[in-house]
Amino acid sequence: MPGGTAMHVRSRGQEATPPMSAADLGSALRGYVSAELEAAAAGLDARAGHHLHAGVHRARKGMRRARAALALGDPVLGPGAILLERELRRVNRSLSELRDAQALVEVLGRLVGKARDEPTLRVLRRALRKGKADRAAMARRPELAADLARARALLATLCAALAGLPWDGISPAQLAEALARSSQRIDSARGKVRDDGSMEDWHRWRRRMRRLSQQHRACVGAGLEWAASLFDKSLAEQLGVMQDLRLLLEHCGNDSPFVPSDREALKRFAKTAWSRQRDRIASVTKTEIGAAEN
């Protein structure tokens, strides 16, 4: 994996601008975080005409991006940023049940499109119908509107609290250090999956890759770029396939929404497909590691 984190500032044209002052850089990063939180809150506002599940997805994405950007300021932004990040994580998790219901439908829809044998296809179609019914029931819960309103209010409060953080302490060098830490965490997570890592190990690797991608986005949004991209989009997509199968397996436990016979069939299918995907990714990454070492 590339290790470069050299950073520079570019204007809208072709020529580079003078380096940003710490105050300007901090202000730009704060503006990026604020915009993501405002978009997250807007996604939870049914009055804006959003489809519920699309809005929840956008809200969770915005909160993850905001958290990643706040992590770029560690330790300069201090304990206030840690508190904000913790609250954002809590709000995000409060929406996870809604998002999981939608994600399960999306996963099953993709698997139905790829299924080749008729018995598996029938099981997947029944599971998809059940997933859609459960998703619809969740969206009709009478307390849902109040829950979303509370989440929006908290996001507005957290957005206002950004002004109290010491953004003028942010520098390009400090951001480069934060990016380097994220890259090192990816390398560490990647090392753990080489030797038949668990599902959680593989998921951790994917999350850390996503975090670095989000931090790259934040730097670009603040007017900074670094020379080499450390995000492998193709690999992230392949890891996403594994996460799809992991999500399906999580819905095949004792509290599964599926009937016992379908649950067991889905579990066998997902375990087999997950193992194949793991081996496929492992073989590719081992080849890349060997080539880099030679």
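Highest mean first, how do 177-185, 136-144, 202-210 rank when packing is the count of other Cβ atoms within 10 Å averaged over residues?
The peptides rank, most packed first, as 202-210, 177-185, 136-144.
Take the alpha-carbon centre of region 144-209, take the same for region 83-119, and report the distance between them in whole Å.
First find each Cα centre; the distance between them is then 19 Å.
Taking a 1.4 Å probe, which of 130, 192 shows the most accessible area, and what order do the others take after it?
The ordering from most to least exposed comes out as 192, 130.
Can you figure out the FRET efficiency of residue 117 with residue 93, using R₀ = 51 Å and their beta-carbon distance, to the nearest 0.05?
So, using R0 = 51 Å, E works out to roughly 0.85.
The values are calculated or read from the model by the stated rules, or taken from the named source; none is laboratory data. Because the structure is a prediction, the values reported are computed rather than measured. Every residue, glycine as well, gets a Cβ built from its backbone with ideal geometry; the counts of neighbours run over all protein chains shown. Quick note on the areas: whole protein, heavy atoms, side chains included, nothing else; ligands and nucleic acids left out. Shrake-Rupley method; radii C 1.70, N 1.55, O 1.52, S 1.80 Å.
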